[in-house]
Structures are given as C-alpha cells and as structure tokens.
Amino acid sequence: MKLNSVYDCSILKLSKIHNRAGNITILEGMASLPFDIKRVYYLYDIPAGESRGGHAHKALYQLVVAASGSFDILLDDGINKKVVTLNRPDYGLLIVPGIWRELMEFSSGAICLVLASHLYDEDDYIRHYEDFKSYKNDL
Ligand code: TYD
C-alpha cells in the first residue's frame, strides 16, 4: 500500500447501455475492480473554485466517477504527480491506497460519485501532507 504509485491508479471503462430514452451504467461484478463495494457517497453543490480531498488513505480503494459534469483529480504518490480529468459517467478513476489526492475545477452542477472498499474510518485518513510524506518514506 505504501509503495503504491500514481501509475497504479487507472481509468476504468464502465458499462453503458444506450437507447433512445437515455443511458444506464451499472457497476456490478466488475472484474477490473480490485475491491468489493462497501460504501457509496457523492459530492455535489460544490461552489465554483472550491477543492475537495487533500488527503490520502492507508487502506481504502476508491472508484471515482463524474456522474454529472466534470472535475480534475490531482494524484500524488510523494514522488510523481498526475492530473486526471473526469468528464464522462461511463469512465471511473481507480484510486489505490497510499495516494494523496485533491479534487478541483468542478464544473457547475458536477456530481462526484465515489464507490469505496471500506466503511468510513477516520483512522484510515492521512490529512496532512507532511504526515503523508513521512508515511511514504518510512518503509
Ligand atoms: P472528507 O472525506 O474530508 O471530504 P472530502 O475529501 O470530499 O473533502 O469528508 C468530509 C466530512 O464528511 C468529514 O467530516 C467526514 C465526513 N464523512 C463521513 O462521515 N462519512 C463518509 O463516508 C465520508 C466520505 C465523509
């Protein structure tokens, strides 16, 4: 977990059933998802210019989807950084444990849907960047 890099975070193509009445995406039995979904939450009504995140997780895996609108996710493993733009509901970003992330540049009306591998646990968070750097360096 500590050794995970931003290159272990990947964009996954999700299902999409399309017909003239619209689209549906189903997240079920995904072979490409390396965790069972225990928790779902979503961010919405994010004021212009705000950013979210600004933390890392020790054990939590997440799949992040722009269910509506768009936003950017900055990923940082302590050495490498990568910015991913999410703007389609049928793509998700897999974030593995041990990655600092910041979510920013939310479009108006954006909805950030998150599927998570564990229930909420404040002890799993690393909320200060200096603590994150020590955690990554302390192998
Ligand atoms: P946090 O994860 O810090 O938000 P973000 O990374 O989007 O900026 O969570 C914000 C608040 O919500 C914080 O007080 C903890 C609480 N929270 C829960 O109680 N349960 C949850 O599942 C999540 C994700 C957050």
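Filtered by the rule that a residue be farther than 20 Å from I26 by Cβ and within 13 Å of the ligand (Cβ to nearest atom), segment 102-122 gives E102, L103, M104, F106, A110, H118, L119, Y120, D121, E122. A single entry from R88, R52 fulfils the requirement of being away from the ligand (no atom under 16 Å from the Cβ), basic (K, R) and surrounded by 15 or more Cβ atoms within 10 Å (Cβ to Cβ): R88.
Selection over segment 88-119 of residues that are in contact with a helix residue (DSSP H, G or I) (Cβ under 8 Å, 6 or more places away or on another chain) and farther than 13 Å from V64 by Cβ gives a count of 3.
Of all the listed residues (I126, I99), the sole one being crowded, with 20+ Cβ neighbours inside 10 Å, hydrophobic (A, V, I, L, M, F, W, C) and within 15 Å of the ligand (Cβ to nearest atom) is I99. The residues on offer are L94, L119, L103, and the sole one that is farther than 25 Å from S5 by Cβ, in contact with a strand residue (DSSP E or B) (Cβ under 8 Å, 6 or more places away or on another chain) and touching a residue at least 40 places away in the same chain (Cβ under 8 Å) is L119. All conditions in (1) modelled with pLDDT under 95; (2) within 16 Å of the ligand (Cβ to nearest atom) hold for K38, with the sole exception of (1). Within segment 68-82, is even one residue crowded, with 19+ Cβ neighbours inside 10 Å, more than 23 Å from Y120 (Cβ to Cβ), free of Cβ contacts under 8 Å to residues at least 60 places away in the same chain and away from the ligand (no atom under 14 Å from the Cβ)? Yes, that holds for at least one residue. Examine segment 2-9 for a residue that is part of a strand (DSSP E or B) and either at pLDDT below 95 or within 30 Å of E130 (Cα to Cα) (or both), and state whether such a residue exists. No, there is no match, as no residue in segment 2-9 is part of a strand (DSSP E or B) and either at pLDDT below 95 or within 30 Å of E130 (Cα to Cα) (or both). Between L103, L60, L33, the distinction of being part of a strand (DSSP E or B) and within 19 Å of I11 (Cβ to Cβ) belongs to L103 only.
The values are calculated or read from the model by the stated rules, or taken from the named source; none is laboratory data. These numbers were taken from a predicted model, which means no experiment stands behind them. Methodologically, a virtual Cβ is constructed for each residue, glycine included, from the backbone with ideal geometry; neighbour enumeration extends over all protein chains shown.
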